[in-house]
1. Please give the FRET efficiency for Ala321 paired with Leu172, using the beta carbon to beta carbon distance and R0 = 45 Å, rounded to the nearest 0.05.
2. Between their Cα atoms, which of Lys85/Lys152; Lys87/Lys394; Lys112/Lys263; Lys160/Lys263 are more than 22 Å away from each other?
3. Going by average Cβ density within 10 Å per residue, which order do the peptides 284-290, 319-325 take, highest to lowest?
4. Heavy-atom accessible area of Phe440 with all protein chains present, probe 1.4 Å, nearest 10 Å²?
5. In Å and on Cα atoms, what radius of gyration and Dmax does region 343-413 show?
6. How fast does region 162-267 diffuse by Stokes-Einstein, in µm²/s, taking the Kirkwood radius from C-alpha pairs at 4 °C and 1.567 mPa s?
7. Applying a 10 Å radius around every beta-carbon, put 161-171, 140-150 in order of their mean neighbour count, most first.
8. Debye calculation, C-alpha points only, no solvent: report log10 I(q)/I(0) for the chain at q = 0.10, 0.11 Å⁻¹, in the same order as the q values.
Amino acid sequence: MQPVCNKYISMSDIKKLAGQTAVYGLPTIIGRFLNYFLVPLYTYNIMASEYGMVSELYAYVAFLMIILTYGMETAFFRYSQEYDKNKVFNTAMLSLLCSTAVFLLITFICLKPITSALEYQGHQSYIVLFLLILAVDTLKAIPYALLRSENKAKRFALIKTTDIFANILFNLFFIALCPILSRNPQFANMMCWFDASDLVFYIFLSNLLACFIAMAMLLPEYKRFRWNFDFSLFTKMLSYGFPVMIGGLAGMVNETFDRIALKHLVKSPNDLADISQVNSWKMAQIGIYGACYKLSIVISLFIQAFKFAAEPFFFSKMKKADAKQSYSSVMTAFVMFLSLVFLVVMCYIDVFQYFMGKEYRIGLAVVPILLMANIFLGIYYNLSIWYKVTDKTKWGAIIAIIGAVVTLIGNYILVPQLSYIGAAITTLVCYVTIAIICYFIGQRYYTINYNVKRCLLYIFMAIGLYFISAFIRENALGLPLTLLINTILIIVYILIAYKLDIKRMIKER
């Protein structure tokens, strides 16, 4: 039986994990946060139907990147511990180089059918840029893995950060500056190459140019490549990486399939005159949903940073006597914090809505659903420690596949009826489902006395205070008074959390 004290927060563990989360996750947080600010640039300058193309194609990127790397990055880490690292690097690089070349050859031969199948007639250039971005990103995977395996964190962070900043600067140049210059008679001749009516093209071009800059910075790693290939090692890496790919694909279905499904499942209004209007309306639904989805990134950013730090922390604790107590403590603190983030975003939604152009704000109803979905995704990441420390990783793939099935069925049923609201609800149901399944199976194989009641208290307290905030907002008390009352609601949550757990955390040593 677990000691009673394991329901309390271990301050030393929380401090340690918080510090690691900051160290390992800061570059990722900064990068994604900066990219986050591209959303207002896009949504204030392009129509929702155009932004829908951006959201849809990047959803495909997420899927295809997993297929094109087919677990080789993870396999590189695994077998570089057992074989000569250069041999593993050469084998993995040559494998990806050949498979990527074949992918580009086939897709360029079939470019017109692919463009037609995606309903991007007239925008074939988007598909070309999209395919090139995929190819370059795939070929960067192993050099990045090499840097991580050699603990070259500064160089890794420098290249990643340069990639991000380059993308942002190119976007600012093409989307913000070039349209102004093209309208100025003094620069008209110089800007003859620029097409202000097709800004989506320049979004993809900016990404590709940034990718090439990052690839150029990785030249020292590419120079280590030699044309030797160990077939026996390759078969082992492929065998190891294939289940990783399957699990990754299932997980990606849960994360991005909704944006792909919307175009094919959503029912268009009856008053649209022709097929072009229908397609434009459908793409607008994807654009609105994709933009509103970005508001839930506040929680996603923390989860991403947490994932970088959590696994090393959890594995370092696994053989210690207080391991399960630490896992339980981390879970409680995690839920307490994310529930607060949910409440802050929703209490100040009247301010956050200006993050998007006016056309996109019609979809704000999905934001609380997606925020709560991300909380349960974070809970799942915490719970998943049981199958990692017990070497039962097949359960991770099984649970991800179950989640994918829920996602597919949920979207098929709900999207035709509720459009992007149905997609958001499906995301929430999926993450709640995999969290519950992971919890109960985990309790069978690796019992951890999580303080479930306390975690649920924080979640329902945040939801309850949000409903009070929503009621106040509906009664139109005026923005200043509404924000004041909502600030009081947030303080109420913090005070209750302080009395229940934070005070004890502070006192513990």
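1. Using R0 = 45 Å, I get an efficiency of 0.25.
2. Listed pairs above 22 Å: Lys87/Lys394; Lys160/Lys263.
3. Details: 284-290: 25.6, 319-325: 14.7.
The densest-packed peptide leads the list: 284-290, 319-325.
4. Using a 1.4 Å probe on the heavy atoms, I get roughly 140 Å².
5. 17.0, 50
6. 71 µm²/s
7. Peptide ranking by packing, descending: 140-150, 161-171.
8. Once normalised to I(0) and log-transformed, intensities are -0.89, -1.08.
The values are calculated or read from the model by the stated rules, or taken from the named source; none is laboratory data. Note that the structure is a prediction, hence the values are computed from the model and not measured. No Cβ is skipped: glycine too gets one built from the backbone with ideal geometry, and neighbour counts run over all protein chains shown. Remember, those area values only see protein heavy atoms, side chains included, never the ligands or the DNA or RNA. Shrake-Rupley method; radii C 1.70, N 1.55, O 1.52, S 1.80 Å.
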